[in-house]
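Shown next, in structure tokens, is the structure this report addresses.
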Amino acid sequence: MATETSHHVAMTLHDHLPMLQVLIPFIASPLIVLMGARGGLSWLIAFVASLASFIVSIVLLMEVIDGGFISYAIGGWAPPLGIEYRVDAANAFMLFLISGISTIVLPFAYESVKAEISAKHHTLFYSCYLLCFTGLLGVVITGDAFNVFVFLEISSLSTYALIATGAERDKRALTAAYDYLVMGTIGATFFVIGIGFLYMATGTLNMADLAERIADQENNRTIKAAFAFILVGMGLKVAIYPLHLWLPNSYTYAPSAITAFLAATATKAAIYVILRFTFSVFQPSFQFEVYALEFIILPLAVLAMFAASFIAVFQSDLKRMLAYSSIAQIGYMLLGIALLNSTGLTGSIVHLFNHGITKAVLFMGVGALVLRSGSSFYSRIRGMGRVMPITGAAMVVGGLSLIGVPGTAGFISKWELVQATLERGWWPLAFLIAASSLLAVIYVWRFVEVLYLHEPAYGADHREAPLTMLVPIWIMALACIYFGFATEITLGAARTAADGLLAGTTGMLESVTSTEAGH
Amino acid sequence: MVDVLPTALIFFAAAALVLVLPRSVRAPVLLIAPVLAAWQVWTIPEGQLVIWSLMGLELELMRVDKLSRIFALIFSLAAFLGNLYAWHVRDPVQQVAALLYAGSAIGAVFAGDLISLFLYWEGTAIASVFLIWARRTEGAYHTGMRYLIVQIASGVILLAGAALYWRETGSLTFEAMTLGSPATWCIFIAFGIKAAFPLLHNWLQDAYPAATVTGTVILSAFTTKLAIYALARGFAGTEILIYIGAIMTLFPIFYAVIENDLRRVLAYSLNNQLGFMVVGIGIGTELALNGTAAHAFSHILYKALLFMSVGAVLFRTGTAKGSELGGLYKTMPLTMIFCVVGAASISAFPLFSGFISKSLILSASAKEHYDYIWAILLFASAGVFHHSGIKIPYFAFFAHDSGLRPKEAPTHMLLAMGLTAFLCIFIGAYPAPLYALLPYDVVYVPYTTTHVITQLQLLLFSALAFTVLMRTQIYPPELRSINLDTDVTYRKFMPGVITLVALGLSRIWQQQTSFWMRKLNLIVGGLYRTHGPEGRMARVWPTGSMVLWIAILLGVTLLVNFFS
Amino acid sequence: MTDRPTEDPSTFSPLARLFLWCDDPAKVNRLVYGLYAVCGLLAIVDFLYTKKVYLAIEKVPGFYPFYGFFMCAALVICAKGMRLFLMRDEDYYAPRDTDSEAIPEDQLDRTEHNG
């Protein structure tokens, strides 16, 4: 559909799907404010928008899951001059994850937000939420390097605001948001500097075009510097181990629904960007890239797997514990990327998805516990598994998936990662993955123990969570189990995506020619 | 092709049912499930009946052949008897755990590939620990934790072995393997932990006496025999097993003689009986494997019977320590008689079940001319009689009168013990039905004049030794005490060493840090005077150190990039 | 607790009363002599029939009685020796062990015989 002609070609609604994916929430966000909708209505708009874009994402995923491409030129301006949205298996899968999580978290958010945020802020809250959602979708769908930055800022700025709304429960949310703002901005700046370098070296911002032009410039120092800036800048958004300091506070003090949504999607979108740049824009065959991944990302990933897990073991606040466990799990994903083989990349992408749904269960479960007990400290939620058996059971499922117990989603991805390390012949890494899973056993056991093996604390509200929370929590919990058995969707999409990514620049170039020829 | 319901699911469904049913009707469900399962196991044809696809792996959930069938059958039977014995228990945790545990064990027996074997393997571990935790004391919690760690470790090693095996052979089918590669060693050790190989055995003696009254009966049936099945399936004829098994029969009997807790005495003798089966697997001839299967079958029955009778005593008196018991025959005569039946069976008296199963293994070892092994097994048989056959009934029901006058065991326990005792005698007196179930055709006649006479000689002279030692007061009295076993390494020594090292390290660390901290404090103190209130510094810290980190990381990445 | 001078054996069940001779030292002595006699008999029987066995050592007259008696005696004496360096107090591992703690009463049903 990248038309060479200047006049506008009439297209069907179906052809506009990539645009609609982002546009629906983007329009809905100001709509909420404009309508001045109170509580219920603003939630409804947000939910409908999210659901609509979820449906769009499913359609898109179906179209590209077998390895196809969709290239959409915004406003009819053909790439590389115009901005291009490009959907392939890798980002269709991400769109599916992000919009799916959002659609399931929103019903949960209804009660949770009512309890945690005063009613007068609801309108702006849902508006910000949709902006953040838009931003994440945009980051993933766009095929234009600078556009990534723009959407990244949209999502980041709204994220800062959303985290700050946690201040009604705990003032420290403000410092957390402020810290994140400072650090996130540094990360984004690094990223945009990297893109600047790329533009300097090539004169283009379209990813496919970039890929083509830098394919033979391996030794260009500007390109090398660009890679370093992009990797480190995006690494901050990913929360690579020593750059993770913003994450625990943000996740701990943000409203529960936001934590559930961000933990499942935000870092994942950032990992996607790293994937896209590492494999599609830069060549995975570039020597400097191989070194950067093997000597920097790989050790940091292993460090994250252990250091963050150890910290998680000693936490006394469930939300913070889960935040540290997220950092450890991000280690697994980076490990898969750094292995630089198809299985590793598949494992990484699947883990990204599986960990997303796993953390969604757990953080939503925490939200339900907070609703009833008022806090996520172990001392306050002890015994709550007995008075909230349905929520508790879902959290146990999530915990098992986090450990990677067979029969849960978490097992599938860890299994892939172990296979990938063995394929590379790096036995010790396989051992380390198993060993750090043991740490996960400990921290998961700790909260299971707190939830079940103590008498319920006096003074807590001894009722099960409301149905609007239980249903989303259990949808996710069942997804954890479902994707532990039915692996065709996740593994299939991830394999296609991994193969597409590993084909590197060649894959991108092919797609350019194919779209020009085909549409 | 799912035209048969995997047997394990019957138990899992029953477990789910127990959760929702009212108290009064749970106990019957606990009895009906094993009966249904046994009926299914009895009637289904042989072959690969259920295959599920997962991640491109074929999970074979129902591989039925003669070997798996006999184990599934005895497991169903054991579940039935154990649940009957636990009829009075109203604790849903124990009821559900018992069902899940039995289901997992049967599932594992029917598992045709290593992955489903692993799943059920861990299932038995996780379900069974609740039978220990259900005691709800601090000691039981810690014991359960130790038990769980060992069991999970066995599962993890099994999974590692399975992964390696897949890479090596491209197959995950669980079939006969040859020991040699890392993969097979991993699998072998995973089995070995559950089968309580020497030095890997201590979880058994640690955990079984810590379970609830009824929990121990159920525990005694499944885990170790599942491991025996797995070894028989995977490593039949592996010679090293003969020696491992021989040591296994030998060392527990020494411990059993001086152990005070009668349930732990039984745990040691359980270990010793496993040794016989392991030797049988190691020899690997048809006769020996038949012996292993037959011995596992009869062993589950008489061991359950012994645990039941000691459990009944515990249930009525609150203790199972030899030093506290004695003279109970006066008021618990039926329990005493059942205990003696169990004791006679484990000692392999003619007409009792042990006689017709253990002799298969002994004969196999003699036939293959493992003379020393045979001699060890013979010694172990005499030793078994000594500690299980005489010691258990003697110290619990006779010996000096403890003055305890508890009531006879409740009816359902008597019923469970009576049924089990009947089976022990029935099998012993009429072994043909059991022999028909064995994996290979049996051409063995246990009741020959020579065999009966030599066995009686061995046992009665062993009894004579006991009597003489008792009368000369050489026999060690029962004392309130425990004996160190290998677990002392991880329960006392290792924590001790770790504490020591940690103390040393922390002392060095403190010295070093206090030195550097003093230096640092001087600098920071200076900065503090110039840079304002402490609160602000502390607040800035995470951002500051992140910026530092991001700069360092960028620098390193650039260096790596430029010099690549 | 050990002395119950006023105990009335007739409250025991008929089955239990069959075994009351176990409390009478004279009768126990008689049982022991009986065992000696049976053992002697079995030792003699060893010479009176043809053994059908696999191993040479089994054919040695008196092998089984000898082995049974002496190995068991050795077993007990060795085990007694092991106590010297393996035995510890019951609360050695306490409180992380069940040996020194009682089973909670709600899991038991302590009923006296006459109760």
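The values are calculated or read from the model by the stated rules, or taken from the named source; none is laboratory data. All values reported here derive from a predicted model rather than from experimental measurement. Here the Cβ positions follow ideal geometry from the backbone for every residue, glycine too, while neighbour counts run over all protein chains shown.
Scanning the stretch A:310-336 for residues that are surrounded by 24 or more Cβ atoms within 10 Å (Cβ to Cβ) and farther than 16 Å from A:Leu236 by Cβ turns up A:Ala312, A:Leu318, A:Lys319, A:Met321, A:Leu322, A:Tyr324, A:Ser325, A:Ala328, A:Gln329, A:Tyr332, A:Leu335, A:Gly336. Only one of the numbered conditions (1) within 11 Å of chain C (Cβ to nearest Cβ); (2) within 24 Å of the chain's Cα centre (by Cα); (3) outside any helix (DSSP H, G or I) is not met by B:His387, and that is (3). Scanning the stretch B:208-242 for residues that are touching a Lys or Arg at 6+ places or on another chain (Cβ under 7 Å) and either of a type outside the set (Ser, Thr, Tyr) or free of Cβ contacts under 8 Å to residues at least 40 places away in the same chain (or both) turns up B:Pro209, B:Ala210, B:Ala211, B:Leu226, B:Ala227. One residue stands out among those in the stretch A:49-99 that are of a type in the set (Gly, Ala, Ser) and surrounded by 24 or more Cβ atoms within 10 Å (Cβ to Cβ): the one that is farthest from the chain's Cα centre (by Cα), which is A:Ala49.
Could you go through the stretch C:62-85 and let me know if any residue there is exposed (fewer than 15 other Cβ atoms within 10 Å of the Cβ), more than 8 Å from every other protein chain (Cβ to nearest Cβ) and more than 26 Å from the chain's Cα centre (by Cα). No, every residue in the stretch C:62-85 fails to be exposed (fewer than 15 other Cβ atoms within 10 Å of the Cβ), more than 8 Å from every other protein chain (Cβ to nearest Cβ) and more than 26 Å from the chain's Cα centre (by Cα).
Okay, residues lined up against (1) part of a loop (DSSP other than H, G, I, E, B); (2) farther than 26 Å from A:Cys128 by Cβ; (3) polar (S, T, N, Q); (4) in contact (Cβ under 8 Å) with a residue 24 or more places away in the chain:
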| residue | (1), (2), (3), (4) |
| --- | --- |
| A:Val182 | no, no, no, no |
| A:Ala188 | no, no, no, yes |
| A:Phe191 | no, no, no, yes |
| A:Ala201 | no, yes, no, yes |
| A:Asp209 | no, yes, no, yes |
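State whether one or more residues within the stretch B:493-507 are hydroxyl-bearing (Ser, Thr, Tyr), surrounded by fewer than 17 Cβ atoms within 10 Å (Cβ to Cβ) and touching a residue at least 60 places away in the same chain (Cβ under 8 Å). The answer is no; no qualifying residue exists.
In the stretch B:314-325, is there at least one residue being β-branched (Val, Ile, Thr), assigned by TED's automatic domain parsing to the domain that holds B:Phe276, buried (at least 23 other Cβ atoms within 10 Å of the Cβ) and in contact (Cβ under 8 Å) with a residue 12 or more places away in the chain?
no
Put simply, of B:Val29, B:Val25, B:Val35, B:Val41 the only residue that is among the β-branched types (Val, Ile, Thr) and either outside any helix (DSSP H, G or I) or over 28 Å from the mean Cα position of the chain (by Cα) (or both) is B:Val25. Would the stretch A:83-98 turn up any residue that is touching a Leu at 6+ places or on another chain (Cβ under 8 Å) and farther than 20 Å from A:Thr346 by Cα? No; the residues of the stretch A:83-98 include none that is touching a Leu at 6+ places or on another chain (Cβ under 8 Å) and farther than 20 Å from A:Thr346 by Cα. Filtering the stretch A:234-243 for residues that are within 28 Å of A:Met305 (Cα to Cα), in contact (Cβ under 8 Å) with a residue 40 or more places away in the chain, buried (at least 18 other Cβ atoms within 10 Å of the Cβ) and hydroxyl-bearing (Ser, Thr, Tyr) leaves a non-empty set.
A single member of B:Leu434, B:Leu414, B:Leu423 is within 14 Å of chain C (Cβ to nearest Cβ) and either touching a residue at least 40 places away in the same chain (Cβ under 8 Å) or surrounded by 20 or more Cβ atoms within 10 Å (Cβ to Cβ) (or both), and it is B:Leu414.
Here is a yes/no grid of residues against (1) at pLDDT 90 or above; (2) more than 19 Å from A:Gly194 (Cβ to Cβ); (3) touching a Lys or Arg at 6+ places or on another chain (Cβ under 8 Å):
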position	(1), (2), (3)
A:Ala115	no, yes, no
A:Lys120	no, yes, no
A:Tyr129	yes, yes, no
A:Cys132	yes, yes, no
A:Val140	yes, no, no
A:Phe149	yes, no, no
A:Ser155	yes, no, no
A:Ser158	yes, yes, no
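Checking each residue in the stretch C:15-30 for being more than 9 Å from chain B (Cβ to nearest Cβ) and over 16 Å from the mean Cα position of the chain (by Cα) picks out C:Trp21, C:Asp24, C:Pro25, C:Ala26, C:Lys27, C:Arg30. Annotation note: of B:Ile187, B:Ile218, B:Ile247, B:Ile228, the sole residue that is over 16 Å from the mean Cα position of the chain (by Cα), crowded, with 23+ Cβ neighbours inside 10 Å, assigned to a helix (DSSP H, G or I) and among the aliphatic types (A, V, I, L, M) is B:Ile187. One residue stands out in the stretch A:212-230 among those that are touching a Gly at 6+ places or on another chain (Cβ under 8 Å) and of a type in the set (A, V, I, L, M): the one that is nearest to the other protein chains (Cβ to nearest Cβ), namely A:Ala228.
Every residue, every condition in (1) under 17 Å from the mean Cα position of the chain (by Cα); (2) within 20 Å of A:Ala226 (Cβ to Cβ); (3) modelled with pLDDT of 90 or more, yes or no:
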{"residue": "A:Ala263", "(1), (2), (3)": "yes, no, yes"}
{"residue": "A:Ala269", "(1), (2), (3)": "yes, no, yes"}
{"residue": "A:Val273", "(1), (2), (3)": "yes, yes, yes"}
{"residue": "A:Phe279", "(1), (2), (3)": "no, yes, no"}
{"residue": "A:Gln287", "(1), (2), (3)": "no, yes, no"}
{"residue": "A:Phe306", "(1), (2), (3)": "no, no, no"}
{"residue": "A:Ala312", "(1), (2), (3)": "no, no, no"}
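Among the residues of the stretch C:86-97, those that are at the interface with chain B (Cβ under 7 Å from one of its Cβ atoms), in contact with an Asp or Glu (Cβ under 9 Å, 6 or more places away or on another chain) and not aromatic (Phe, Trp, Tyr) comprise C:Leu86, C:Glu90, C:Pro95, C:Arg96, C:Asp97. Checking the stated criteria, B:Lys358 turns out to be touching a residue at least 40 places away in the same chain (Cβ under 8 Å), more than 8 Å from chain C (Cβ to nearest Cβ) and touching a helix residue (DSSP H, G or I) at 6+ places or on another chain (Cβ under 9 Å). All told, A:Gly187 meets the bar of being in contact with a Leu (Cβ under 6 Å, 6 or more places away or on another chain) and either closer than 17 Å to A:Leu275 by Cβ or within 14 Å of another protein chain (Cβ to nearest Cβ) (or both). Restricting attention to the stretch B:434-489, the residues that are in contact with a helix residue (DSSP H, G or I) (Cβ under 8 Å, 6 or more places away or on another chain), at pLDDT 85 or above and in a helix (DSSP H, G or I) add up to 22. When B:Gly192, B:Gly123, B:Gly103 are screened for being assigned to a helix (DSSP H, G or I), touching a Phe, Trp or Tyr at 6+ places or on another chain (Cβ under 7 Å), at pLDDT 90 or above and under 23 Å from B:Tyr208 (Cα atoms), only B:Gly103 passes. For the stretch B:135-149, a residue qualifies if it is surrounded by 22 or more Cβ atoms within 10 Å (Cβ to Cβ) and among the hydrophobic types (A, V, I, L, M, F, W, C), and exactly one does: B:Ala140. Checking each residue in the stretch B:158-173 for being part of a helix (DSSP H, G or I) and surrounded by fewer than 20 Cβ atoms within 10 Å (Cβ to Cβ) picks out B:Trp166, B:Arg167, B:Glu168, B:Thr169.
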